[in-house]
1. How do 694-700, 629-635, 265-271 rank on mean C-beta neighbours within 10 Å, highest first?
2. Take the Cβ-Cβ distance between Asn257 and Asn337 as r, set R0 to 22 Å, and report the resulting FRET efficiency rounded to the nearest 0.05.
3. May I ask for the Kirkwood hydrodynamic radius of the stretch 515-574, worked out over all distinct Cα pairs and given in angstroms to one decimal?
4. Taking N as the number of residues in the stretch 296-408, what is its Cα Rg relative to 2.2 N^0.38 Å?
5. Radius of gyration and Dmax for the stretch 439-517's Cα atoms, expressed in Å?
6. What is the sum of charges, Lys and Arg at +1 and Asp and Glu at -1, for the other residues whose Cβ falls under 12 Å from the Cβ of Ile635?
7. Per residue, how much accessible surface does the stretch 257-313 expose to a 1.4 Å probe? Answer in Å², no decimals.
8. In the stretch 45-141, what percent of the accessible surface is made up of carbon and sulfur (1.4 Å probe, ligands and nucleic acids excluded)?
Amino acid sequence: MKQHSAPILPDRLKVLALGEIVIFPMLAITITARNHNDIELIKECEQNREFIAIANQQANYSFPLTRENIFPIGTACRISRTRMTRESQLEAVLEGICRISFLRMLKIGSRPQALIAGYPEDLAHSADSTTQMLMESSLSLLQACCAAGQPLPESATAILEKIDHPGHLADLIIIYLQPDFATQSRALGLINAKDRLKLVHQLLYERQRKLNSNSAADNKPDPARWPQPGGITGRAAGNDDDELAELKKNIAALDLNKSTRKTLDKELAKLQRMNPAAPDYHNTLHYIEYVSELPWQQVDQENIDLDEAEKTLDEDHFGLEKVKERILEHLAVRQLNPEMKGPILCLVGAPGVGKTSLGKSIARAMGRKFVRLALGGVHDEAEIRGHRRTYLGAMPGKIIQELKRAGTRNPVFMLDEIDKLGRDFRGDPAAALLEVMDPEQNHTFTDHYLNLPFDLSRVLFIATANQSDPIPAPLLDRMEIITLPGYSEEEKRSIARRYLIDRQRKNHGLKDESLVFTEEALDSIIDNYTRESGVRNLEKMIGKIMRKYARRKVAGENLPSAVPQRDLADLLGPTRHRKELGADTSRVGIVTGLAWTPTGGDILFIEAALMANQKSNDLILTGSLGDVMKESAQIALSYLKTLAGRYQLDEDFHESRRIHIHIPSGAIPKDGPSAGLALFLTLLSLACNKNADHKIAVTGEISLSGRVLPVGGIKEKVLAARRAGIKRIVLPEENLKDLKDLPAAARNEMFFFGVKTIDEAIPLVIPDSNRAVKKEFTGKKPGTAAGYPAAPVIS
Ligand SMILES: Nc1ncnc2c1ncn2[C@@H]1O[C@H](COP(=O)(O)OP(=O)(O)O)[C@@H](O)[C@H]1O
Ligand SMILES: [Mg+2]
C-alpha cells in the first residue's frame, strides 16, 4: 500500500446528505444528483476545489440537517469529476479522503455547512500482535469466503495483501463485502482501526458460515445501484465502457511527444485492467483525463505589430513612458529572435502603481492569454510543482493548473509579488520557480503530479514585486528590473480623469449619469484621503463615492452633475491625512529625512538626544534600524569628531554623554545608507545646540571623508516631501539628474540644493551652525540658546 500523507482539512465544510450511501476513505463512488440544491452544491465545491462533507441519514430522513438527524461520523470527499447527464442530472465522482465527525451544523446562505474534525488514519500506527493476528486471520477468512462463492474482484487479493495498515485493510474489506447500510455505517463510525478490524473479522466469520450453510449465494448484494431517498443514487464509480472508449479516442487525437504518449498508453492499459472499485482506479482516471486536457501543443498566434502593441499599452495606461518603452524593446527583441532566452521582466513598484494591470495589458497587446499566479504566502514547493501521485488528494502545481486554465502553452504568465514568496520546512518554492524561469531547463519542466516534462519555453513570464531586495538572489539574477516610480499628484489627477472615474462609474451602473468631479474635489481626495504612490486607494475612494451615489439614485434622489467638494466629508468621512507639516518650530536635534519605502516615499524625523548621567562613546540607536543604517550613524559620528575644532565642540563631547538616536515609527524596519547626511546633521544640531530647519528635507549617503554620495528613489522621496508640504530638498549633487523624472509642476514649485560635501549641506539645514557655540556638553545639562527650546534629554 502506498503511504499517503494526511490531507489538511479546513475546519468547516459544506455538507451533502447522501441518505444511505456510505463512502469509505479510499473508495470512489459515482453519485447521481437530481435535486437542484444538491447539484449546485456539488458544482460549487468542485469549482472552488473544496472538500465536501458527506453525511448519512436513515431512510426516514428529515431536513434541514441537524446533528440529530445525521450520523455523527461522515466522510470528507474530494469531487474528482462531474458530468451533466441528458436528463439534467449531475453525475459526480466522490473520492473518500478521511473520516470526519460533525461538531456543529451551521447554515450559511442556502448551503448547509458543518464544523468538523477530521480523523486521517494514523499511519505511524504500528500494529500490535493481536492486530497483526486479526489482519492475517481476516485475510484467510476472506479467502475462505471467496472459495465458498463470495464474489470478489480479481485484483482484490493482490491489493489486500499489500496493505499493512489495519484501518485501511478493514475499510477495504468492507468495501468488497458490501454489507447492509447499518453495518456499513457502524464500520464508518469506528475511528479506531483495531475496533474496525474486529468488526470486519466478525463480519467475515459470519459471512463464511452463511456461505457454507446455504451454498446458494442468496446474500450477494447488488453492487450496481442503490435507490436512495434523497433523490441521489450511487454506484461504485464505474467502468463506463463508453466513457473509456471516448477517453481513448481523445487521447489518440492529441499531438503528443513519444514519451508522453507512452506513459499515457501505459496508464490507460492499467486502467482497463483495474476494478472500478479499486482505490486507485479514480486516481488513475483523473490523471489520464488531466494529462489529456493539457495544452500540449496549443499556441496562440502572437501579435507582431509593435505599433499596435504600443497603442494598446497607451490605451490602458497613462504615462509610464519609460516603462512602456522598455516593454516594447523587450517585445521587439523577442520578435527578432523568438528563440532568444532573455531575462524575465520584473516590474517593481509600490502597490497600486499598475504592475498587475500592465501585465494584463502586455498580454492584450500581444494577443495572448493572461494568467496570474499570486506568490504571496506561497511557501510550499508543492504549490508550484505539485504533489506526487502517491500523496492523498494529490494535484498538479499551480504552474500546470494555470496553463491548463489558459488552454495554451504560450500565455503571458504573471508571477505576481515574487518578493512575498515564503519558505519553510515544506521545501523552498524559490528553487522550483528557478526551474520554471530558467530557459535552459524550462522546456522540460516536470511537475511532480504529471511526472512528465512539459515545455514552458514559449510562456512569457513577467514578475512583479514591491521591492527587489527580498527577492531571492538566484531569481533576481534571471530578471531584469523595471522600476515603476510612483505618481505625482498631477499624474494621479490625469489617471483619475482618464481611467478611474469612468471605470468606477461603469462598475456602479452610473454610466449614463453625467456625474463629474470638480478639480477641487479630486484634489481633495488625492491630498486628504489618500497618501500613496500608486492610485489604488484613489480608485477605491472614487468607487466609494459612486457606490453612495448609486444608492441615492436607487432611493429616487436626483444626483448632482458634479461631486461637490463639501460633500466629501459626508461621502468619505473625515479626512485621513493632513498635508501640511505640524506648525511646531524647528528644534535642536531633529532633522527631516526622506525615506524610500515599498509603498513609495515618506518623510521621517530623525531625532537625537543626550542621555543624562551616562558615559559611553557608543550610540544608542532605536527605531528598528538595519545594520547599514547603523553604520551610517557611526560614520556620521566619526565625521562629526573631525569638525570638533571648527564648531568648538568639546573634544570628547561624544564620550562625556551618551547619544541616543531614534527614528520614529519604531515598528517599521528601516535600512540603507541614504539617511547618512540627515543623521550627521541631527548629531551636529545636537552637538552645537542649534536648530535644524525642519521644513527642509535631507537625503544622501556620506563617506568618512565628508563626501555626499548619490542615493536611490529620488522621485518617490521628493514627491513624499511635496505631499507633506515641504518645498526645499537637500540632495546629493549627482542625483540632480534624476529630477527630470519629476512632473514639471513639482520641479517648478520646489527648490533643490545639490551638494557634493557634507560641509556644503550644513548651513542649508542648520543656518546658525557657524555662530560659535561654547562647549555645553561636559557634565551639565545642555544649555538653551536664546529663544530656542533645549535638546530633549532622556534620563
Ligand atoms: N498609469 C495608469 N493608468 C491607468 N490606470 C492605472 C495606472 N496605474 C495604475 N492604474 C490602475 O490602478 C489600479 C491598481 O493597479 P494594479 O495593477 O493593481 O497595481 P499593482 O499591481 O502595482 O499593485 C488598477 O485599476 C490600474 O488599472
Ligand atoms: Mg498587483
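1. Top of the packing list down: 694-700, 629-635, 265-271.
2. Using R0 = 22 Å, I get an efficiency of 0.35.
3. Radius from the Kirkwood sum: 11.9 Å.
4. Normalised Rg, Cα atoms only: 1.25.
5. Rg and Dmax of the stretch 439-517, Cα atoms, are 21.1, 57 Å.
6. Here the charged neighbours net out to +1.
7. 52
8. 52
The values are calculated or read from the model by the stated rules, or taken from the named source; none is laboratory data. Only a predicted model underlies this, so the values are computations on that prediction, with no experimental measurement involved. Cβ coordinates were reconstructed from backbone atoms using ideal geometry, including for glycine residues, and neighbour counts include every protein chain displayed. Surface accessibility is based on the protein's heavy atoms, side chains included, excluding ligands, DNA and RNA. Shrake-Rupley method; radii C 1.70, N 1.55, O 1.52, S 1.80 Å.
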